[in-house]
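Take a look at the structure set out below.
The values are calculated or read from the model by the stated rules, or taken from the named source; none is laboratory data. It should be emphasised that the depicted structure is a prediction, and the values quoted were computed from it without experimental measurement. SASA here: full protein model, heavy atoms, side chains in, ligands and nucleic acids out. Shrake-Rupley method; radii C 1.70, N 1.55, O 1.52, S 1.80 Å.
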Amino acid sequence: MTASLAHIDCWIFDLDNTLYSPSARLFDLIDERMGAFIMRLLDVDAAAARAVQKQYFHDHGTTMAGLMRHHGVDPEDFLVDVHAIALDRIAPDARLHTGLARLPGRRLVFTNADADYAARVLEARGIADLFDGICDIRVTRYTPKPDPAAYAAMVDHLGIDPARSLFVEDMARNLTPAKALGMTTVWLDNGSESGHRDHLPEHVDFHVNDITDWLETLPQHWGNR
């Protein structure tokens, strides 16, 4: 593992269910707000709204992308509404901070959420000081992972060399476009909803179950490079 990662100088992380555990069930709160948004928008009950929500997520990468395409929803209205949640389910993690701090090079976030929410999550986890940039859904012009156009926008916005970059994701399908660009890929197989969907082993360089445990397997001397 050491030799195969020696060339990496950009460490890119997904946000939700990656930089915190799915066991925090933070996304449940977002799910609830998305459901309520769809209920109001379409004037349907909770069961119908959830069916729409999940179908759009699977078909378009995000629920928002489906709502934009099929119902002309203003993405800013959606983003502000669904991310207006409390973050008291997550807390600072000293082990995670230590593991991230030892990585040589830049630490970055690539998320289908918006940067305002991402910054709040990083702050709540006590790791905001370690990150050098965020590529969010606004940067990608509301085009979500795993659309290759989102990755092209990310590469340009963050100024990375894919061949020297590593991407950590809990959604296996989101690693395929990264691998196609020449990035080193890490699948965080930690129980996220639909995390296994479209899993292609040949597009996964490292298959791990816990991000902090994995970071602790990396060379201790890196922090001095």
- According to the square roots a ≥ b ≥ c of the eigenvalues of the Cα gyration tensor, what is the shape class of the range 1-135, taking rounded for a/c under 1.5, prolate for a/b larger than b/c otherwise, and oblate for the remainder? prolate
- Task: With the full set of protein chains in place, find how many percent of the accessible area of the chain is carbon and sulfur; take the probe as 1.4 Å.
- Result: 51 percent
- Query: Using the Cα atoms of the range 151-199 to build a convex hull, what is its mean projected area in square nanometres?
  - Reply: 3.3 nm²
- Query: Any idea what the relative contact order of the range 99-155 is, in percent, if you count C-alpha pairs under 8 Å spaced at least 6 apart?
  - Reply: 36 percent
- Query: Given only helices, namely DSSP H runs of n ≥ 4 each adding -39500 (n - 2.57), what is the per-residue ellipticity at 222 nm of the chain, to the nearest 500 deg cm²/dmol?
  - Reply: -12000 deg cm²/dmol
- Note on the structure: the chain: Kirkwood hydrodynamic radius (Cα pairs, Å) comes out at 17.9 Å
- Taking the chain as the reference, fit the longest principal axis to its C-alpha atoms, fit the long axis of helix 148-158 to the helix C-alpha atoms, and give the angle between the two in degrees, 0 to 90, nearest 10. 50 degrees
- Message: Stokes-Einstein diffusion coefficient for the range 30-110 at 10 °C in a medium of 1.306 mPa s, Rh from the Kirkwood formula over Cα pairs: what value in µm²/s?
- Response: 107 µm²/s
- Item | Accessible surface, 1.4 Å probe, highest first, among residues Asp129, Asp81 | Asp129, Asp81
- Note on the structure: By the C-alpha gyration tensor axes a ≥ b ≥ c (rounded if a/c is under 1.5, else prolate when a/b exceeds b/c, else oblate), the shape of the range 102-170 is oblate
- Message: Counting heavy atoms of the protein chains only and a 1.4 Å probe, report the per residue accessible area for the chain as a whole number of Å².
- Response: 44 Å²
